[in-house]
Amino acid sequence: MLTRVAEGVLVHESEFIQSNCTVVQGRDGVLLIDPGITVNEMAAIADDLRELGQPVVAGFSTHPDWDHVLWHPDFGNPPRYGTARCAASIQSVLAAADWKEQVAEGLPPEHAEEIPMELLGLISGLPADTVRIPWEGPTVRILEHQAHAPGHAALLIEGTGVLVAGDMLSDILMPFLDLEAADPLNDYLQALRLFDSVAGDVVAVVPGHGSVGQAGQLRERIALDRAYVQALKDDREAEDPRVGPSAPLEWLADVHGWQVQRLAEKRRG
């Protein structure tokens, strides 16, 4: 289930939109980042970790979208972290009496029966000034920014140079904007500048969805995402292979069109 991408860093890719779960090995166990989608694949990841003799000692969700805040009982009950804004966002969802029904509306029909809801979103928000994940393992820097979702964070695993990017820097998905934000386009461009600032330290990038990229591909992905966002900002057509006739997923063109429409509505006030 797990593929090594760097020393002490393993990744599992789900069948659901190539979702990536990242495992970082530490002194007493592993940090589990965005831990998977279906019951069976999470159980299989837990089996792999048992075979490695590596219990899960901490979890982290890069942002509050449902597919990044799931959990499985086989992972145990370690602390599960997110940024303060991420935790507040998912807690506001869980506060609704009908939250399961609300979440279920956004689940992919082909996987809906396989997605465990019981432990969804039970994360603790780290204080706003926290710059590293509190655990006994390699230093993992928290790079919080406002772009894809409230409290979105990338993680830079120091020493190995692996950047876990959350739902950004994908080779199969164009930028998905946080259209509830006051200034989603400039937020996204600012986040890309943050990635630029650490690119020299990165040897591999793990997107939330898509393939793992090597060092040279990180700057290519930053440039591609910047070109897409800048095109939307300039109110011109985005020439992006992820939304054109050769798009890897046919529904991306619809998402792109929806984003263009929502931005137009925001401009009109």
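The values are calculated or read from the model by the stated rules, or taken from the named source; none is laboratory data. Here the structure is a predicted model, which means the values were calculated and not measured. Please note: Cβ atoms are built from the backbone with ideal geometry, for glycine as well, and neighbour counts cover all protein chains shown. Just the protein is used for accessible areas: all its heavy atoms, side chains included, with ligands, DNA and RNA removed. Shrake-Rupley method; radii C 1.70, N 1.55, O 1.52, S 1.80 Å.
Within region 71-92, residues that are on the phi > 0 side of the Ramachandran plot reach partners that are crowded, with 16+ Cβ neighbours inside 10 Å and of a type in the set (A, V, I, L, M, F, W, C) with beta carbons closer than 9 Å, at six or more positions or on different chains, in the pairs G76/A46; G76/V56; G76/V57. Among the residues making up region 20-57, those that are in contact (Cβ under 8 Å) with a residue 60 or more places away in the chain and within 24 Å of V103 (Cβ to Cβ) are N20, T22, I33, D34, I37, T38, V39, N40, M42. The set of residues in region 113-125 being assigned to a helix (DSSP H, G or I) and either surrounded by 12 or more Cβ atoms within 10 Å (Cβ to Cβ) or under 19 Å from the mean Cα position of the chain (by Cα) (or both) consists of E114 alone.
Summed over region 40-76, residues that are in contact with a strand residue (DSSP E or B) (Cβ under 9 Å, 6 or more places away or on another chain), open to solvent by 20 Å² or more (accessible area, probe 1.4 Å) and in a loop (DSSP other than H, G, I, E, B) total 4. Taking interchain pairs and intrachain pairs at least six residues apart, which have beta carbon atoms under 6 angstrom, with the first residue in region 171-189 and in contact (Cβ under 8 Å) with a residue 24 or more places away in the chain and the second open to solvent by 50 Å² or more (accessible area, probe 1.4 Å)? What qualifies is I172/P248; L179/R262; L185/K233; D187/Q146.
Restricting attention to region 147-167, the residues being in contact with a helix residue (DSSP H, G or I) (Cβ under 9 Å, 6 or more places away or on another chain), open to solvent by 20 Å² or more (accessible area, probe 1.4 Å) and farther than 18 Å from V69 by Cα number 1.
Of all residues assigned to region 186-200, none qualifies as being on the phi > 0 side of the Ramachandran plot and open to solvent by 20 Å² or more (accessible area, probe 1.4 Å).
For A88, the requirement of being out of contact with any helix residue (DSSP H, G or I) (no Cβ under 6 Å at 6 or more places or on another chain), assigned to a helix (DSSP H, G or I), surrounded by fewer than 23 Cβ atoms within 10 Å (Cβ to Cβ) and at pLDDT 95 or above is met.
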